[in-house]
Structure formats: structure tokens, C-alpha cells
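The values are calculated or read from the model by the stated rules, or taken from the named source; none is laboratory data. Here the structure is a predicted model, which is why all the values come from computation and not from measurement. Glycine also receives a Cβ, built like all others from the backbone with ideal geometry; neighbour counts cover every protein chain displayed.
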Ligand SMILES: C[S@@+](CC[C@H](N)C(=O)[O-])C[C@H]1O[C@@H](n2cnc3c(N)ncnc32)[C@H](O)[C@@H]1O
């Protein structure tokens, strides 16, 4: 797909992610090197926040907005057959280098996770950790994930919590306040001053969208900072705030 055909937010986010990909290299290297999956800014272990199914051996999986693709690497080591798609060629360059270094190869596609060039019902699991989960329009990528999944297939994604978005100042590196700064009414598309655009939905809207798209919701896990945690590496997730309110949420749904 050429840049001209891409929706405006996809073009803006491509430019943003190509420009900032260097910042994510070290984190990608660390995550590829670890064996046990951990989730979100506080690295909560999979056993405490089970985003992935217990058993993925033999599953066809797709990571929507895979970035440096460490989630797909974890899946491949557990016997899955992953594919990753990402909007940023520079993020994929890191992913490809890490594939070579770890001698663990799977297909990586450069493209928009809102329109994936695979046939319907090609996958058993669609996963996103801060990829399509926040950078794609939910009214487009969630129906697209439903199309890609076989009946009984799983969708699992992690995103910022709604309350953290409502309390976020315009500078994404500033900590969230203890006061709502944004209305929840109409919550959908959030443009950020540095040019990127992300998306969040209130819980009622998300539940209705998932159900309407053909999913049965299995769980929604709210993630807090673990007891005694230090501040996360991300300004938007200080430990004190994140110990009181959920900073992230995991959604798990099953394709009917
Ligand atoms: C924070 S990273 C998350 C990925 C992975 N968990 C990681 O940390 O490397 C966000 C990724 O979403 C990708 N992204 C943004 N918009 C996208 C789109 N429309 N389609 C596919 N990927 C997209 C970005 O290029 C970026 O690599």
C-alpha cells in the first residue's frame, strides 16, 4: 500500500514511528532476550496477567503493530507460527536484525494493521501490545481482527487504561493528574502535540464494538503497578499513581 492511499492518522503515525524507532531498540533487545513474557510498562509476568493463552503450540498467530516483534518471538518459542505486521519500516528493521541475532525467523510485513493482506480466517490468535491496540482506529482494526480469525480464535490486546487517558496532560511525558483532564464523552481519537494520533474507547463502547464485531469477551484485566514498584520508564506511568488506579488494561475475546 502506498503512502497516498493510507488514512491520514496512519500516515502521521508512520512518520512518527519512523522518526522515533531508535528509542525502542534497547527495549526490543531486552525483550527478545527474555524468555518469560511480561506485559506493559511495569513488566507484569504472564502468570499474573495472562494476556496469551496457556497453550499456543501450532497456532497461526498475527501480531498487529508488532514493532520490534518480541511478542511474536515469545510465541514462536512456544511453538506458534507467528506473522507480524507493522506500519514502520524502521521498527521492522530492528525486528529483522533481532530475528537474525536470535536465529528465529517468521514473516514480517510492512503495512497497516487496519487492512491486512491475508485471507479471512487465517489465524487462531491476534495479539497487540500497544500496537494496533492504540495506534489504529478501533472501529476499523477490531472488525479486521475478527475477519482474520477463525471461529474460536482469540484476540488479546493491551492498551492504556481509560482512566489514565482521561487524566493525561497534553505532554505525554508528564505524569497523569489526579483529576480528569479530558471528557470521556466522545473519547476515540487523540492527536498528540508531536504529531502522532492514538485511539481509546470507553469501556461501554469497547464492549459493544467487540460484540458487534463477532467477539465474546472473556476477560478484561486492569493492570496496576506492583507493590513496591519503582516508577516505570514512562513518564505517563509513575508508580504512585499506577498503584492507585489501573494504568493499563488487557482485553481478551473469542471469535464466535
Ligand atoms: C509501542 S510499539 C508496540 C509494538 C511492540 N509491542 C513493541 O514495543 O515493539 C507501537 C507500534 O505500532 C505500530 N503502528 C502504528 N500504527 C500502525 C498501523 N496502522 N498498523 C500497524 N502498525 C502500526 C508502530 O509503527 C509501532 O511499531
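What to note about this one:
- Residue count, region 14-40 (criterion: touching a strand residue (DSSP E or B) at 6+ places or on another chain (Cβ under 7 Å), surrounded by fewer than 20 Cβ atoms within 10 Å (Cβ to Cβ) and closer than 17 Å to residue 131 by Cβ): 1
- Any hit, region 64-79, residues being more than 14 Å from the ligand (Cβ to nearest atom), surrounded by fewer than 21 Cβ atoms within 10 Å (Cβ to Cβ), in contact (Cβ under 8 Å) with a residue 40 or more places away in the chain and within 23 Å of residue 151 (Cα to Cα): no
- Considering region 133-166, and only residues there that are under 20 Å from the mean Cα position of the chain (by Cα), assigned to a strand (DSSP E or B) and more than 16 Å from the ligand (Cβ to nearest atom), the residue that is farthest from residue 199 (Cα to Cα) turns out to be 153.
- Flag for residue 169 being without any contact (Cβ under 8 Å) to a residue 24 or more places away in the chain and either assigned to a strand (DSSP E or B) or within 13 Å of the ligand (Cβ to nearest atom) (or both): no
- Some residue of region 100-107 being in a strand (DSSP E or B) and touching a helix residue (DSSP H, G or I) at 6+ places or on another chain (Cβ under 7 Å): no
- Test: residue in region 110-117 that is assigned to a strand (DSSP E or B), surrounded by fewer than 22 Cβ atoms within 10 Å (Cβ to Cβ) and within 13 Å of the ligand (Cβ to nearest atom): yes
- Taking the listed residues 29, 55, 48, 63, the one that is over 29 Å from residue 242 (Cβ atoms) and modelled with pLDDT of 95 or more is 55, with no other qualifying.
- Among the candidates 55, 89, 101, residue that is within 11 Å of the ligand (Cβ to nearest atom) and surrounded by fewer than 15 Cβ atoms within 10 Å (Cβ to Cβ): 89
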